[in-house]
Each structure stands twice: as C-alpha cells, then as structure tokens.
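Here is the structure we will look at.
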Amino acid sequence: MGTDPAGPNDQKGQPGLVSAALSGLCPRCGAKTLFAAPAALAAECDGCGLDIMALERGGRFVGVVTMLLALVLILASMGVDEWLRPPLWASFLFWGPVTVGSVIFGLRFYKTMWVYHQYEERAE
Ligand SMILES: [Zn+2]
C-alpha cells in the first residue's frame, strides 16, 4: 500500500513525496537537509535537529529496490538494443547516465518515502 507515487487522489493530504525526494525536504521542518549526498541521507537535520539516521533504521529493502531497478534497466536496455541495434558507444552514452540517474532517483525516492513513513508513525 502507498507504494504508487502517481497513484490515487485520496493521498492529497501528503504534500508531494516526489518534490520532497527531489529537494530532500525534512519531514519535520521542510528544510532541504534530508540528503547529505545525492543518494545518502544526512545523519540529522541541520534545521531542526531531527534524527534522520534513527528514522532510516530498518530501511533494509534499499538494496532490493536498487537491484530490481537495475534489473529493469538492464532488461530495458537489452530490449532497445534488440530493437534499434544502436552502435555500442551510443548505448553507453545513453544507458550510463540513465542507469545512474534512475538508481539515484530511485534510492532518493525510496529513502524519502521510508523516512516520511517512519516520521508519521512516530508522530502518532
Ligand atoms: Zn528539519
């Protein structure tokens, strides 16, 4: 449940997780402090001192998510190769950045979702 970001409109109460993931917004104060690196969470929020590491604890599916994402991309790239038969350099030029970008965004999105979920559970 709640894994589909583009999903039903009944989740409008939650301010865009996508933009939160893109900008790395702290779930408590909304500062752009959630990520210390493109795909690595900060230890705590510089704005409000929220213990992000403690919230992240238990997010053990990150590896699985990355693997699935990589698998999908590899299959997609094989499909495109089969279909268009691009020169090798074109494949690398295209799939390199696409793979890196997707994995980073996937991780960011997943971690943001996880941290927000944990934050909400604790708030209750
Ligand atoms: Zn904060």
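The values are calculated or read from the model by the stated rules, or taken from the named source; none is laboratory data. Everything numeric in this text was worked out from a predicted model, so none of it was measured. When we count neighbours, we look across all protein chains shown, and the Cβ atoms used for this are built from the backbone with ideal geometry, even at glycine.
Return yes when Lys111 is surrounded by 17 or more Cβ atoms within 10 Å (Cβ to Cβ) and among the basic types (Lys, Arg) and no when it is not. Break it down stepwise before answering.
On the way: surrounded by 17 or more Cβ atoms within 10 Å (Cβ to Cβ): yes; among the basic types (Lys, Arg): yes.
Answer is yes for this residue.
Against the condition touching a residue at least 40 places away in the same chain (Cβ under 8 Å) and aromatic (Phe, Trp, Tyr), how does Phe105 come out, does it pass? Working first, answer last.
On the way: touching a residue at least 40 places away in the same chain (Cβ under 8 Å): yes; aromatic (Phe, Trp, Tyr): yes.
Yes, satisfied.
Take Glu82 and decide whether it is part of a helix (DSSP H, G or I), within 29 Å of Lys32 (Cα to Cα) and acidic (Asp, Glu).
Details: part of a helix (DSSP H, G or I): yes; within 29 Å of Lys32 (Cα to Cα): no; acidic (Asp, Glu): yes.
The answer is no for Glu82.
Check off (1) more than 16 Å from the ligand (Cβ to nearest atom); (2) out of contact with any Ser or Thr (no Cβ under 8 Å at 6 or more places or on another chain); (3) at pLDDT below 90; (4) not small (Gly, Ala, Ser) for Trp95 and give me the number that stays unchecked.
So the condition that Trp95 fails would be (2).
Which ones in the stretch 27-79 are under 16 Å from Phe109 (Cβ atoms) and within 16 Å of the ligand (Cβ to nearest atom)? Walk me through how you get there before you give the answer.
Here is the first cut: in the stretch 27-79, the ones under 16 Å from Phe109 (Cβ atoms) are 27, 32, 34-35, 37-41, 52, 55-56, 59, 61-70, 72-73.
Across the stretch 27-79, the qualifying residues are Pro27, Lys32, Leu34, Phe35, Leu41, Ile52, Leu55, Glu56.
Cβ-Cβ distance below 6 Å, separation of 6 or more or different chains: which pairs start in the stretch 25-53 with a residue that is polar (S, T, N, Q) and end on one that is more than 7 Å from the ligand (Cβ to nearest atom)?
Thr33/Ala42; Thr33/Asp46
Would you check which residues across the stretch 19-55 are in a helix (DSSP H, G or I) and surrounded by fewer than 19 Cβ atoms within 10 Å (Cβ to Cβ) and list them?
First, pick out the residues of the stretch 19-55 that are in a helix (DSSP H, G or I): 19-23, 52-55.
Passing the criteria: Ser19, Leu22, Ser23, Met53, Ala54.
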